[in-house]
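Worksheet: one structure, shown below.
The values are calculated or read from the model by the stated rules, or taken from the named source; none is laboratory data. Small disclaimer: the values here were computed from a predicted structure and weren't measured. For neighbour counting, all protein chains shown are included, and Cβ atoms are generated from backbone atoms with ideal geometry for every residue, glycine included. Accessible surface is based on the protein model in full, side chains and every heavy atom, while ligands, DNA and RNA are left aside. Shrake-Rupley method; radii C 1.70, N 1.55, O 1.52, S 1.80 Å.
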Amino acid sequence: GSGKSTLLKLILGLYTPTTGHIRYQEGKGNSRRFGKISGLTQNYSRYKLSFQENIAIGEDVTTVNPTFFHQAIAPLRLQQKLEPQGITGTTNLSKDFGGCELSGGTWQRVALGRSFYKPANFLFWDEPTSAIDPLEEKRLFSVFEAAGKQKTTLLVTHKLAAARHADRIYVLDKGEIIQQGTHHELLTLNGKYKDLWETQISLFKEL
């Protein structure tokens, strides 16, 4: 409720700001700006299309690039997960058309694969592991961290175990940025971030 998802959608161009401006350093015009952006929102779609078409849906699905397809699903281990179920790139991901249905966590990884398929300079993710189990979630955060070394990435999350690896953390409260800094810098301050961190850590200690 602090405005994280709204801010991300404004940056992605899904919402138009009623006041102020969103600016990027390079590029002129929306087509160039948004052509370089890829991401995942919390309300991603589950298309009744083939596995490879679901990955390439943001581009030209009539000519799916097999190299891009395999590069997109490799870090997410989708092939290892789906092959034992008999699911290939051409399998329809819907029982309505004689295909297969996926679990919520697998669907979220498919949606993540779309962001890796598109040749973008900016990768934005909004709670990208909300439906994924904790062990796989930990591995995926290392995937996000590796992607951040090659491209500009923005991760929206309330899980500070993931946020602590970011180069810069922005803390939002009631639609306002109230703190910013690295994980260690924010822990030296008596503020919202430190309170949230100590609360989350205490919950694990109680288990």
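Annotations
- Within region 147-175, considering residues that are open to solvent by less than 60 Å² (accessible area, probe 1.4 Å) and in a loop (DSSP other than H, G, I, E, B), the one farthest from Glu198 (Cα to Cα): Gly175
- Any hit, region 128-139, residues being touching a residue at least 60 places away in the same chain (Cβ under 8 Å), touching a strand residue (DSSP E or B) at 6+ places or on another chain (Cβ under 6 Å) and either assigned to a helix (DSSP H, G or I) or over 19 Å from Ala74 (Cα atoms) (or both): no
- Qualifying residue in region 89-105 (condition: open to solvent by 20 Å² or more (accessible area, probe 1.4 Å), at pLDDT below 90 and part of a loop (DSSP other than H, G, I, E, B)): yes
- Residues satisfying the stated conditions in region 125-143, i.e. of a type outside the set (Asp, Glu) and open to solvent by 10 Å² or more (accessible area, probe 1.4 Å): Ser130, Ala131, Ile132, Pro134, Leu135, Lys138, Arg139, Phe141, Ser142, Val143
Table: residues versus (1) β-branched (Val, Ile, Thr); (2) open to solvent by less than 80 Å² (accessible area, probe 1.4 Å); (3) in contact (Cβ under 8 Å) with a residue 60 or more places away in the chain.
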position: Lys36; (1), (2), (3): no, yes, yes
position: Thr41; (1), (2), (3): yes, yes, yes
position: Ala56; (1), (2), (3): no, yes, yes
position: Phe68; (1), (2), (3): no, no, no
position: Ala74; (1), (2), (3): no, yes, no
position: Gln80; (1), (2), (3): no, no, no
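- Residue check, Thr18 modelled with pLDDT of 90 or more and closer than 30 Å to Ile177 by Cβ: yes
- The set of residues in region 177-195 that are within 22 Å of the chain's Cα centre (by Cα), open to solvent by 50 Å² or more (accessible area, probe 1.4 Å) and in contact (Cβ under 8 Å) with a residue 12 or more places away in the chain contains only Gln180.
- Each residue in region 94-110 was checked for being among the aliphatic types (A, V, I, L, M) and out of contact with any helix residue (DSSP H, G or I) (no Cβ under 6 Å at 6 or more places or on another chain), and 1 pass.
- The sole residue among Tyr117, Tyr15 that is among the hydroxyl-bearing types (Ser, Thr, Tyr), open to solvent by 90 Å² or more (accessible area, probe 1.4 Å) and in contact with a helix residue (DSSP H, G or I) (Cβ under 7 Å, 6 or more places away or on another chain) is Tyr15.
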